[in-house]
Amino acid sequence: MRPLDGITVLTLEHAVAAPFATRQLADLGARVIKIERPGVGDFARAYDSRVDGMASYFVWINRSKESITLDLKHPQAAAILKQLVGQADVLVQNLGPGAAARLGLSAEALRPAHPGLIVCDISGYGKDGPYRDKKAYDILIQAEAGLLSVTGTPEAPSRAGVSAADIAAGMYAYTNILAALIQRGRTGKGSHIDISMLEALGEWMSNPMYYAYKGAAPPPRAASSHPTIYPYGPFATGDGRMVLLGVQNEREWAAFCKDVLQRPEVAVDDRFNSNVKRNGHRAELKSLIEDIFGALSNEEVVRRLDHAGIGNAGMNDMHAFWAHPQLQARDRWRSVESPVGELPMLLPPGVNDSYDYRIDPIPALGQHTEAILRELGYAGDDIERLREAGAI
C-alpha cells in the first residue's frame, strides 16, 4: 500500500509548478485527474519536442496522471466539473489570477458543499496584495525574489538553469497538501492552501537576504564559485578539464595545502590563513592552485582531494549525468510508458522500504476522457453528444 492510495486529486494545471506538485502526489499513489483544454491541453505539451516528439517538461512532471479534456466555459462541461469536484479529496489549480474563482472553484465557494475538500491555489504572488494580478513566469519571479541579483558573473546576472521558482512553489504545494491530508485525518476538515511563487523562492533566498541584513552588501555574483568561501568552485587541471572543489574550514584548508597542493607552508601564508583573507586574495590563490594543478591530470587531482578528505565533483554536462555511475549503482533508473513508447526515468528522491513509487504512463491529451465520463454515469451516446457540442 502506498501512502496516498485512495486519494483523488483533481487538477486544473499547466506549465510546471502545479504539475510538479501533483506528479509527486501521484508518485505516492494518489489518483490524479488532469483537466486539459480540448485540442490544446497543458501548454507545456508544446514547449519543445526533444523526447521523441514529446516535450521534455511534460514528460518530466506528468506521468501517472489521467487526462480528461473539458471546455470549462461550456455549460455541459461545467456540470461534469462539478461531479468531479464532488469526488475529489484535493483540488489543485494554477490558472491565471481570478480564473478559478470565476469558474466557481474558490475555496470559499466550494467549502459549504465540500467541507473536507483541500483546495490548493498556486500563483505568482498570492491571493491578495498589490501584485496579486501580475503575470508571473519563472524568470520574472527569479528577478523579483533577487535570485538573478546573486546568480551569474560579476559582469552580468543570469537566470538559474532550471525553473527554480516553479519548482519551489511545486515543492511547497506538495508538502502543504500532505500536511493538510494529515490534518484532515485528525479533524475531518479540509483546508485552503495559498501558495505564492514569490514566497516559495523567498524561502530559498533567505541566506543571501540575511547576509545583506540591515543594508550590508549582498553576496557578489561569483559565477560557479562560492561568493564568500574560497577556494570553493571550479579549477582547471593539466589535461584541459575542470574539477570543482570546496574547502569549508581551517582544518580542511591545512589538509588541502599539505596533501593536495603539497605546499604546507601555503596554509600559514599571511594572505591565506583565514577564509576572510583567502576570499580577499582570490586571484593570487587561484593562480597558485592552478599552477600546481596544471602539472597534474584531472584524475590525479581528484585522487589527492579524496585522500585529503576535500569535497570535490566532476563538472558534468547532461550527457554525463545520464550515465552517472552512482545512479546506475543504486538502481535509480526505470522505464515509463508514454504516447511515444517506453522512456527512461529517474525514480523520485528517497528510498522507502515500505512501498514502491507509482510509475504509470504519461497520458496523451484527453486519453482518459471517455473512461472518466463513463465512471460518472455517461453512456456512449451522451459522450458523443458532448464531443459534438465541443464540451469535451
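The values are calculated or read from the model by the stated rules, or taken from the named source; none is laboratory data. Every value quoted in this text rests on a predicted model; they were computed, and no experiment measured them. Cβ atoms come from the backbone with ideal geometry, glycine included; neighbour counts cover every protein chain shown.
Per-structure values
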| read-out | value |
| --- | --- |
| Count - residues of the stretch 1-30 that are among the polar types (S, T, N, Q) and more than 15 Å from the chain's Cα centre (by Cα) | 2 |
| Verdict on Ile383 being at pLDDT 95 or above, in the same structural domain as Asn62 (by TED's automatic domain parsing), over 30 Å from Trp60 (Cα atoms) and surrounded by 13 or more Cβ atoms within 10 Å (Cβ to Cβ) | yes |
| Test: residue in the stretch 57-66 that is in contact with a His (Cβ under 6 Å, 6 or more places away or on another chain) and not small (Gly, Ala, Ser) | yes |
| Every residue from the stretch 52-81 that is surrounded by fewer than 21 Cβ atoms within 10 Å (Cβ to Cβ), farther than 17 Å from Ala15 by Cβ and within 26 Å of the chain's Cα centre (by Cα) | Asp52, Gly53, Glu66 |
| Any hit, the stretch 231-240, residues being out of contact with any strand residue (DSSP E or B) (no Cβ under 6 Å at 6 or more places or on another chain), within 16 Å of Ile289 (Cα to Cα) and exposed (fewer than 15 other Cβ atoms within 10 Å of the Cβ) | yes |
| Residue count, the stretch 224-259 (criterion: hydrophobic (A, V, I, L, M, F, W, C) and part of a helix (DSSP H, G or I)) | 5 |
| Leading residue by the ranking (farthest from Arg358 (Cα to Cα)) among those in the stretch 62-103 that are in a loop (DSSP other than H, G, I, E, B) and of a type in the set (A, V, I, L, M) | Leu103 |
| Residue ranges of helices (runs of 4 or more DSSP H) in the stretch 119-214 with at least 2 members in the same structural domain as Leu12 (by TED's automatic domain parsing), over 30 Å from His226 (Cα atoms) and in contact with a strand residue (DSSP E or B) (Cβ under 7 Å, 6 or more places away or on another chain) | 164-187 |
| Pick from the stretch 327-347, criterion in contact with a Phe, Trp or Tyr (Cβ under 9 Å, 6 or more places away or on another chain) and part of a strand (DSSP E or B), ranking: surrounded by the most Cβ atoms within 10 Å (Cβ to Cβ) | Met345 |
| Selection from the stretch 29-61 of residues that are in a loop (DSSP other than H, G, I, E, B), touching a Ser or Thr at 6+ places or on another chain (Cβ under 6 Å) and of a type in the set (D, E, K, R) | Asp48, Arg50 |
| Within the stretch 119-158, considering residues that are of a type in the set (Asp, Glu) and within 30 Å of Gly190 (Cα to Cα), the one surrounded by the fewest Cβ atoms within 10 Å (Cβ to Cβ) | Asp128 |
| Yes/no for Ala313 being over 25 Å from Ile33 (Cα atoms), among the aliphatic types (A, V, I, L, M), at pLDDT 95 or above and surrounded by 11 or more Cβ atoms within 10 Å (Cβ to Cβ) | yes |
| The stretch 104-118, residues that are in contact with a Gly (Cβ under 9 Å, 6 or more places away or on another chain), among the hydrophobic types (A, V, I, L, M, F, W, C) and either within 30 Å of Ala143 (Cβ to Cβ) or not in a helix (DSSP H, G or I) (or both) | Ala107, Ala113, Leu117, Ile118 |
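Matching residues to (1) out of contact with any Gly (no Cβ under 9 Å at 6 or more places or on another chain); (2) surrounded by fewer than 17 Cβ atoms within 10 Å (Cβ to Cβ); (3) in a loop (DSSP other than H, G, I, E, B); (4) modelled with pLDDT of 95 or more:
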residue: Ile292; (1), (2), (3), (4): yes, no, no, yes
residue: Asp306; (1), (2), (3), (4): yes, yes, no, yes
residue: Asp356; (1), (2), (3), (4): yes, yes, yes, yes
residue: Gly366; (1), (2), (3), (4): no, no, yes, yes
residue: Ala371; (1), (2), (3), (4): yes, yes, no, yes
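Per-residue answers, yes or no, for (1) at pLDDT below 95; (2) hydrophobic (A, V, I, L, M, F, W, C):
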residue: Val119; (1), (2): no, yes
residue: Leu140; (1), (2): no, yes
residue: Gly146; (1), (2): no, no
residue: Gly161; (1), (2): yes, no
